[in-house]
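Here the structure is laid out as structure tokens; the discussion comes afterwards.
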Amino acid sequence: MLGAAERSGAVLVTLSNLYGYGPAGSGGYDEAHPMTEATPLAATGPKGRIRARVWHDALAAHQAGRVRVTEVRAADFIGPGAQSAMGERIVRHVRQGKNVSVLGHAGRPHTWSFTDDVARMLVTAGTDPSAWGRAWHVPSNEPRSQREVVDDLARAAGVGQVRVREIPSVVLRGMGLAWPLMRELRETEYQFRDDFVMDSSAAQARFGLKPAPWEEIVAITAGSASR
């Protein structure tokens with residue numbers, strides 16, 4: 001991708017996530033200090049290290065004058081068709097009034113990025129020269145725990161309260177013995193075990209972007225999953 005951008009003169013905008021920061025403590029953030037774009041990329045697992053390497057390589061090429069790059073970092077997606085911890089499977093079960101199972105601790109604060117807000121940030125970052133040469137967090141609402149999101153979705157869907165079960169780490173590890181996806185999730189389970197909060201104030205202040213209202217996001221998401 002870097003080579004193609006260099007040959008064509010196109011601006012390279014990469015969409016990334018928060019893996020590169022690693023667990024709280026290792027990346028210079030904690031429960032009281034949300035992740036910002038200045039938080040060190042100190043991931044210890046392969047997924048996070050690869051994300052960090054992609055950005056470091058792109059930034060070095062930018063600083064050398066070879067390309068123009070920027071990176072947009074989103075928290076876990078929420079929205080129609082989102083493939084995430086709060087994606088289609090959860091939404092469909094909530095609409096049917098069924099119990100749901102979630103990773104980690106259901107009550108921990110967690111940032112969610114609406115897919116439409118992600119798209120708006122990508123377009124902005126690619127077309128505004130002042131965005132190039134650094135990373136930006138997607139404008140996102142205040143954190144909501146998994147249990148709070150499920151409750152919000154249930155209200156929007158007009159169903160009764162949905163029970164939220166937590167998948168213990170030991171069960172996740174056991175499932176990973178036979179299910180590759182579950183095995184891979186072990187590296188990032190800290191995101192749902194601990195507070196996982198992202199600060200997006202830099203992009204909001206610089207570009208005048210605001211996240212879609214949470215109530216609107218919930219209504220759109222609750223109405224999107226196939227029955």
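We did not get these values from a lab; they are worked out from the coordinates using the rules stated. Bear in mind the structure is a predicted one, so any value in this text is a computation, not a measurement. Positions of Cβ are backbone-derived with ideal geometry, glycine not excepted, and every protein chain shown enters the neighbour counts.
What would the Debye formula give as log10 I(q)/I(0) at q = 0.11, 0.14, 0.18 Å⁻¹ for the alpha-carbon point model of the stretch 2-222, no solvent?
Log10 I(q)/I(0), no solvent term: -0.57, -0.90, -1.34.
Residue separation times 0.36 nm, minus the C-alpha to C-alpha distance between residue 170 and residue 15: what's the value?
Here the segment from residue 170 to residue 15 would lengthen by 52.6 nm.
For the stretch 139-153 and the stretch 60-129, write down the distance between their C-alpha centroids in whole Å.
13 Å
Within a Cβ distance under 11 Å of residue 192, other residues only, what is the Lys/Arg minus Asp/Glu net charge? Provide the component values of the computation, followed by the final result.
Working: positive: 108, 193; negative: 76, 166, 189, 194, 195.
Taking every other residue near residue 192 into account, the sum is -3.
Return one number: the angle in degrees, 0 to 90 and rounded to the nearest 10, between the long axis of the Cα atoms of helix 146-157 and the longest principal axis of the Cα atoms of the chain.
For helix 146-157, the angle is close to 70 degrees.
For the chain, what is the mean residue ellipticity at 222 nm derived from helices alone (per DSSP H run of n ≥ 4: -39500 (n - 2.57); sum divided by total residues; nearest 500 deg cm²/dmol)? Write out the running numbers ahead of the final one.
Details: 10 runs with 92 residues, N = 227.
Helix-only estimate at 222 nm: -11500 deg cm²/dmol.
Of the residues 70, 115, 44, which exhibits the maximal mean-square fluctuation in a Gaussian network model of the chain defined by a 10 Å Cα contact cut-off?
Between 70, 115, 44, it is 44 that shows the largest mean-square fluctuation.
Students often check this: by mean Cβ neighbours within 10 Å, which of 12-19, 164-171 ranks highest, and how do the rest follow?
Details: 12-19: 19.2, 164-171: 13.9.
Descending packing order for the listed peptides: 12-19, 164-171.
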